[in-house]
Protein chains: 2
Amino acid sequence: MSEDAISFAHQNADKALDELKSILRIPSVSTLPEHAADMEVAADWLLERLDRLGFEGRKINSGGPPVVYGEWLLAGADAPVVLVYGHYDVQPVDPLDLWVSDPFDPDVRGDDLFARGASDMKGQVVAHLMAIEALKETTGIPINIKYLFEGEEEIGSVHLPEFIRANEELLGCDFCLNIDTGVIGPETPSLTASIRGMAYFEMRLQGPSGDLHSGTYGGAVVNPANTLAALIGKMHDEQGRVTLPGFYDDVLPLSDDERSDLAGLPQTDEWWIAKSGAPSLAGEHGYTATERATARPTLDVNGLLSGFTGEGGKTVLPSKAMAKISARLVPVQDPSKTYDSLLAFMELEAPAGVTWEVDMLSGAIASIIDRDSPQAKAALEALETVWGVPATFKREGGSVPVVGMIEEMLGVKSLMLGFGLPDDNLHAPNEKFHMPNYHRGIDTFIHFTAALAA
Amino acid sequence: MSEDAISFAHQNADKALDELKSILRIPSVSTLPEHAADMEVAADWLLERLDRLGFEGRKINSGGPPVVYGEWLLAGADAPVVLVYGHYDVQPVDPLDLWVSDPFDPDVRGDDLFARGASDMKGQVVAHLMAIEALKETTGIPINIKYLFEGEEEIGSVHLPEFIRANEELLGCDFCLNIDTGVIGPETPSLTASIRGMAYFEMRLQGPSGDLHSGTYGGAVVNPANTLAALIGKMHDEQGRVTLPGFYDDVLPLSDDERSDLAGLPQTDEWWIAKSGAPSLAGEHGYTATERATARPTLDVNGLLSGFTGEGGKTVLPSKAMAKISARLVPVQDPSKTYDSLLAFMELEAPAGVTWEVDMLSGAIASIIDRDSPQAKAALEALETVWGVPATFKREGGSVPVVGMIEEMLGVKSLMLGFGLPDDNLHAPNEKFHMPNYHRGIDTFIHFTAALAA
């Protein structure tokens with residue numbers, strides 16, 4: 001039954017490109033107050049498309065830019081209800097001078113369309129809308145769909161938890177399709193099998209009551225910058241393992257199947273070196289770089305600040321030292337237990353001569369899908385049908401807090417299916433979307449939707 | 001022969017206070033371009049006093065604010081030639097709102113005169129000028145004197161090394177009297193027996209070629225912030241000793257006499273805690289806090305910077321991490337050998353996955369006086385005569401680069417004799433000078449000068 005819809009999509013490929021360009025021209029930068037009106041324009045753009053599809057759509061005030069919600073529940077009680085999650089806000093564009101073309105004037109060069117938000121994630125959103133349109137105009141939409149488009153993903157989904165909690169019934173579904181993701185490479189179809197969670201901390205040490213002269217006092221008192229450094233140094237052992245007490249207690253070991261899947265991905269050491277620009281790789285012993293970055297927990301310093309950091313020298317013995325430290329978590333680690341581990345470490349290791357505080361700034365649970373679920377199988381088959389090659393499971397190193405929110409509040413898993421590429425310059429100048437992936441994405445969403453109804 | 005001069009000084013105590021207030025009204029802040037004219041005013045003030053004393057004085061352009069040089073060499077070939085070093089520039093005054101009175105309108109409250117530069121070091125400079133005036137007006141000046149007043153001490157004596165090197169003959173002397181120092185307490189006369197040297201470094205680590213997303217890359221690559229912290233942690237062992245290879249090779253051990261002198265000072269642990277506001281003290285095992293801060297070398301972090309340091313969280317895996325690190329050195333450690341030690345440490349310990357650079361930003365040798373020299377004995381006797389109690393040797397934890405310069409370029413030691421107090425708020429709001437110390441300082445300089453001629 002997908003064939004007619006696929007044909008329709010192919011005949012309307014130019015329109016699909018025009019539609020994408022149309023929404024990309026709206027500078028919906030959520031973090032900048034001067035774009036507040038643009039947030040409304042982008043939300044209205046979505047509303048209009050939902051209306052054309054015959055969906056009941058509305059903007060809902062959640063405290064920030066509106067949530068755009070749209071539903072079509074006429075596929076019958078036997079058909080599944082799928083909640084499709086996306087966001088219509090984008091990152092800021094600075095530094096603007098590094099862009100080759102205007103970030104809000106979409107420009108196709110070769111196979112790529114360059115614009116802010118092309119890959120993250122207006123391209124995914126419009127691909128799904130075009131897939132549903134193709135179904136509607138041909139065989140009909142075979143499943144029940146609820147769209148949830150937020151406008152605050154790039155600023156931490158500030159109001160989303162409250163919104164979901166207040167609208168549990170409205171958002172009720174069989175599962176969530178999160179399309180804010182990608183595939184490994186343009187010719188390597190893949191399905192995101194897991195995402196890592198996160199626990200983000202700020203640690204502050206205080207020694208003397210104020211900054212001191214390092215000549216007059218150096219040696220007599222404990223230097224909080226030296227101490228902070230020594231503590232951070234002790235957070236890993238010689239094998240690159242995290243030493244916080246109990247840190248690994250809830251880590252599910254990687255199965256042989258999972259390791260085999262990851263080993264089959266094109267992410268070799270050379271790939272990681274080329275992508276990161278690092279001189280060489282290292283980390284937890286006994287795991288490949290891909291395993292370390294996607295399926296093993298980490299503890300990274302995100303920021304360090306103490307004392308004098310300007311040009312030249314100042315002989316200050318700093319009174320304070322601060323570190324931002326975050327852990328990436330894997331199933332079934334719990335951010336609050338990781339916080340406990342860090343506090344336990346500090347109780348054990350922080351020396352006399354300094355006082356300390358550790359705050360947890362944010363937390364998100366990791367998530368892993370059931371590889372044998374009907375949705376996962378349908379997604380894999382859709383990818384293989386469109387690409388003509390076997391699709392694999394990949395694991396994502398990043399965190400997608402909305403997945404955890406929906407799992408905790410609505411009690412359903414998210415399937416992550418999207419078509420961005422690792423080199424799409426997300427959050428950076430010259431963001432792009434690979435147009436062959438855009439059109440294959442539309443086809444994949446058509447096949448997947450049809451398969452869900454079967 | 002000192003008695004007449006002492007009487008003269010006591011009769012002219014009010015004038016001495018007025019003279020000090022007069023120079024303190026000149027805002028000679030060397031680091032601020034808007035005070036360039038004030039530097040000339042302060043230099044002219046000194047020139048006028050030198051002229052009144054019968055000295056041949058002149059301003060010499062050294063590239064920055066002028067050096068004020070004045071000489072009186074009529075005491076005869078048998079009398080010693082003493083080079084008196086001081087500086088007429090002062091620190092900035094911000095934050096101004098923390099000052100109780102205008103920093104450039106000297107205000108006597110109780111026994112203290114409050115003004116920027118009162119203790120550091122216009123008070124010491126005018127005390128010496130008043131002592132020489134008292135001698136001139138009574139018994140005559142019994143020694144040959146060369147004054148060297150610079151205007152750049154608070155900005156690192158930028159042009160002084162070049163000036164000294166270019167004027168070796170002009171500045172030739174038997175020893176240097178450096179009056180930019182102080183005593184332990186108002187009732188505890190002391191002579192500075194040693195100052196520490198310094199080697200100041202900036203260390204930079206680079207991992208990935210640019211900042212990365214800590215979710216996508218965390219675990220795969222080496223994090224330079226974690227690595228910098230771990231390296232700094234390894235720079236001390238569990239006994240608080242510095243682990244840089246060869247760091248202690250040239251450290252002269254403390255003699256029993258020296259330890260006994262330091263143990264007799266009023267700088268107890270409680271004193272250090274009260275002065276620093278630290279919750280407790282710690283450092284190199286086997287030494288008291290006073291020994292650690294004045295007679296043992298240290299390695300302190302002065303600054304740390306990496307990644308994101310603003311409010312909240314940003315999941316960046318930083319590409320760079322930087323530390324400012326300085327060692328305080330004791331005789332006869334050499335700053336350039338300390339640099340070699342740090343480089344050797346980095347060669348040994350820096351892991352693959354990061355590249356690193358270490359620059360030495362500045363260096364100064366430590367200095368220690370011969371406790372049995374005639375000058376040291378004369379100074380101790382002068383202190384005891386004026387205070388009426390035994391004077392002791394103290395060691396200074398800070399560095400006085402000009403002492404090293406003069407030792408290296410002119411081949412003479414500096415005797416450090418001055419009358420500031422540890423709580424005079426140097427470089428801070430509400431700088432003050434203890435007036436009893438000012439007047440006792442004048443008397444001490446009279447006795448000391450007379451004793452040098454004997």
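Each value in this text was obtained by applying a stated rule to the coordinates, not by laboratory testing. Note that the structure is predicted; figures quoted are calculated from it, not measured. Using ideal geometry, Cβ is built from the backbone for each residue, glycine included, and neighbour counts are taken over all protein chains shown.
Side notes on the structure shown:
- Once the Kirkwood radius over Cα pairs is known for segment B:226-377, the Stokes-Einstein relation at 4 °C and 1.567 mPa s delivers a diffusion coefficient of 72 µm²/s.
- Charge tally in the Cβ shell below 13 Å around B:T139, where Lys, Arg are +1 and Asp, Glu are -1, B:T139 excluded: -3
- Derived scalar couplings ³J(HN,Hα) [segment B:415-428; Karplus, 6.51 cos²θ - 1.76 cosθ + 1.60; whole Hz; x for Gly, Pro]: 9, 9, 9, x, 10, x, 10, x, 9, 7, 6, 4, 6, 10
- Residues listed by number, segment A:77-98, amide nitrogen under 11 Å from A:R58 label point at 7 Å toward C-beta: none
- Under the span-like rule (Cα at least 27 Å along the axis, Kyte-Doolittle mean at least -0.5), DSSP H helices of chain A: A:435-453
- Positive minus negative residues near A:T298 (Lys, Arg vs Asp, Glu; Cβ under 9 Å): +2
- For the protein assembly as shown, the C-alpha radius of gyration sits at 1.23 times the compact-globule guess of 2.2 N^0.38 Å, with N the residue count.
- Closest-to-axis residue of chain B (Cβ criterion, axis taking B to A), whole Å: B:G233, 2
- Computed extension gain for A:T243 through A:D423, at 0.36 nm per residue and net of the alpha carbon distance, reaches 61.5 nm.
- Segment A:379-418 has equivalent-ellipsoid semi-axes of 26, 12, 6 Å, by the square roots of 5 times the alpha carbon gyration tensor eigenvalues, sorted largest first.
- Spatial separation of Cα centroids for segment B:273-313 and segment B:376-394, in angstrom: 33
- The string of couplings for segment B:203-216 from the Karplus curve (6.51, -1.76, 1.60, θ = phi - 60°) is 10, 10, 10, 10, x, x, 6, x, 4, 10, 6, 6, x, 6 Hz, one whole number per residue in order, with x for Gly and Pro.
- Over all distinct Cα-Cα pairs of segment B:347-454, the Kirkwood formula returns a hydrodynamic radius of 17.2 Å.
- Size of charge dipole - chain A - debye, nearest 20, with Cβ of Lys, Arg +1 and Asp, Glu -1, no other charges: 740
- Rh (Kirkwood; distinct C-alpha pairs) - chain B, Å: 23.8
- Inverse mean reciprocal Cα-Cα distance (Kirkwood Rh) of segment A:283-343, Å: 14.4
- Projecting the Cα atoms of A:L148, A:G441, A:A229 onto the dipole axis of chain A, where Lys and Arg carry +1 and Asp and Glu carry -1 at the beta carbon, places A:A229 farthest toward the positive end.
- Gap separating the Cα centres of segment A:56-134 and segment B:1-61, nearest whole Å: 74
- A label point on B:S336, set 7 Å along the Cα-to-Cβ line, lies at 6.1 nm from each of its counterparts in the other copies, closest listed first.
- All lysines inside 24 Å of B:K413 as judged from Cα atoms, apart from same-chain residues fewer than 8 positions distant: B:K122, B:K146, B:K337, B:K377, B:K394
- Distance-filtered residues of segment B:2-31 - backbone nitrogen under 18 Å, label point 7 angstrom along A:H213 Cα→Cβ: B:29-31
- Amide N proximity, segment B:398-421 versus B:D370 label position 7 Å along Cα-to-Cβ, cut-off under 14 Å: B:412-415
- Neighbour counting of Cβ atoms within 10 Å sorts the residues A:V316, A:V68, fewest neighbours leading, into A:V316, A:V68.
- Candidate lysines - alpha carbon under 17 Å from B:K320, same-chain residues fewer than 8 apart omitted: A:K275, A:K324
- Copy-to-copy label distances for B:E137, where each label lies 7 Å from Cα along Cα-to-Cβ, are 10.5 nm in order of increasing length.
- The modelled label-to-label distance for the pair B:I155/A:T355, using points 7 Å beyond Cα in the direction of Cβ, is 3.9 nm.
- With semi-axes defined as the square roots of five times the eigenvalues of the C-alpha gyration tensor, the equivalent ellipsoid of segment B:139-268 measures 45, 25, 15 Å, largest first.
- For chain B, the mean residue ellipticity at 222 nm estimated from helices alone is -10500 deg cm²/dmol, where every DSSP H run of n ≥ 4 contributes -39500 (n - 2.57) and the total is divided by all residues, rounded to the nearest 500.
- Excluding the site residues themselves, the longest part of chain B lacking any GluC sites (Glu not before Pro) in a DSSP loop with at most 14 other Cβ atoms within 10 Å is B:1-167.
- Shortest-first nm distances, B:L32 label point to equivalent points in other copies (7 Å, Cα→Cβ): 3.8
- Using the alpha-carbon positions of segment A:86-179, Rg (one decimal) and Dmax (whole number) come out as 16.5, 47 Å.
- Annotation for B:D269 and A:D78: the two label points, set 7 Å from Cα along the Cα-Cβ direction, are 8.3 nm apart.
- Inter-part distance, segment B:154-207 to segment B:316-335, computed on C-alpha centroids, equals 21 Å.
- Dipole of segment B:321-443 computed with +1 at Lys/Arg Cβ and -1 at Asp/Glu Cβ about the Cα centre; of B:L342, B:G398, B:T355, farthest Cα towards the positive end is B:G398.
- Computed label-point distance, nm, for sites A:L348 and B:E3 using a 7 Å Cα→Cβ extension: 7.5
- Debye log10 I(q)/I(0) at q = 0.20 Å⁻¹ for segment B:119-166, Cα point scatterers: -0.81
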